[in-house]
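The values are calculated or read from the model by the stated rules, or taken from the named source; none is laboratory data. Since we're looking at a predicted model, the values are computed, not measured. Neighbour counts run over all protein chains shown; Cβ positions are idealised from the backbone, glycine included.
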Amino acid sequence: MIVADFHLATPVLGSALAAAPDVALALDRVYETERIPLRMQFRACGEGVEEFDAALPDDPTVADYALLAETDDAPRYRIELSEEGCRSATYDAWAELDGVLLNGTGTPDGWEMRMRFPDHDALITYRERCRERDVGFSLRGLYSEGSTDEEVPYGLTEAQRDILVQAIETGYFDIPRSASLEELGDSLGITGQAASERLRRALKTFVTNALYNECHRTQPEQQFTPPLG
């Protein structure tokens, strides 16, 4: 089992959120049945909830909505997605792949999601389904079940993270360079050639997930890097 943090550039509730830029939506549940169309339940947090509420009827991704619980800090809503909203949603894709929603936060910039998938193949297939629907997918982090965010950030393996940290600490990235690839490899107990290959993979993974995908959300080409050392 793996846990993935990723950004979805989807228009779902984007119009209503744009009207209240200081509001964030804490996603509680997404579901549908044979009798119930696709629905979402969430809490609206932050300043400007009134503006968000007023904008919901005009959001093209919303067919219907209801205020389930009115509280001072975070009112709870249920929305039914319109046809346009359903086309931009990915619930059926991750449900089919046995994905499990762990956390979701909606802002005017899109949705930050944390989900559990059975394996890497399921995550890769989900990413492809997002691309087929023109929904931008940007991987933020990838973790083994039970690991912490600090252990494998931005999809890096532990070995890739270690070599990046060691390269900084030994001065490999300094100008002028304070350590060679051979010295970097020695500090990790590997050859200079192995250090070169691992460092290149680590840099590609980090730049892809931390920078490239962020700049190319409309055409997501995220390169998923399996644990190669």
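A few notes on this one:
- Residue count, the range 32-46 (criterion: of a type outside the set (A, V, I, L, M), in contact (Cβ under 8 Å) with a residue 40 or more places away in the chain and over 27 Å from ASN209 (Cβ atoms)): 3
- Residue match in the range 115-137 (condition: farther than 14 Å from ILE2 by Cβ, in a strand (DSSP E or B) and touching a Lys or Arg at 6+ places or on another chain (Cβ under 7 Å)): yes
- In the range 189-200, the residues that are part of a helix (DSSP H, G or I), surrounded by fewer than 18 Cβ atoms within 10 Å (Cβ to Cβ) and not small (Gly, Ala, Ser): GLN193, GLU197, ARG200
- Of all residues in the range 106-156, those satisfying the criterion of being aromatic (Phe, Trp, Tyr), out of contact with any Cys (no Cβ under 7 Å at 6 or more places or on another chain) and modelled with pLDDT of 75 or more are TRP111, PHE117, TYR126, TYR143.
- Listed by first and then second residue, the pairs linking a residue in the range 1-23 that is in contact (Cβ under 8 Å) with a residue 40 or more places away in the chain and closer than 20 Å to ARG129 by Cα to a residue that is of a type in the set (Ser, Thr, Tyr) and in a helix (DSSP H, G or I), with Cβ atoms under 8 Å apart and 6 or more places separating them unless they lie on different chains, are THR10/SER88; PRO11/SER88; VAL12/SER88.
- Some residue of the range 68-78 being of a type in the set (Gly, Ala, Ser) and farther than 26 Å from PRO118 by Cβ: yes
Let's see how each residue does on (1) farther than 22 Å from SER88 by Cα; (2) modelled with pLDDT of 85 or more:
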site	(1), (2)
ILE190	yes, yes
GLN193	yes, yes
ARG198	yes, yes
ALA202	yes, yes
ASN213	no, no
ARG217	no, no
PRO220	no, no
PRO226	yes, no
GLY229	yes, no
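- Boolean, ALA74 is assigned to a loop (DSSP other than H, G, I, E, B) and surrounded by fewer than 21 Cβ atoms within 10 Å (Cβ to Cβ): yes
- Residues that are outside any strand (DSSP E or B), touching a strand residue (DSSP E or B) at 6+ places or on another chain (Cβ under 8 Å) and closer than 10 Å to GLU80 by Cα, drawn from the range 29-52: GLU32, PRO37, LEU38
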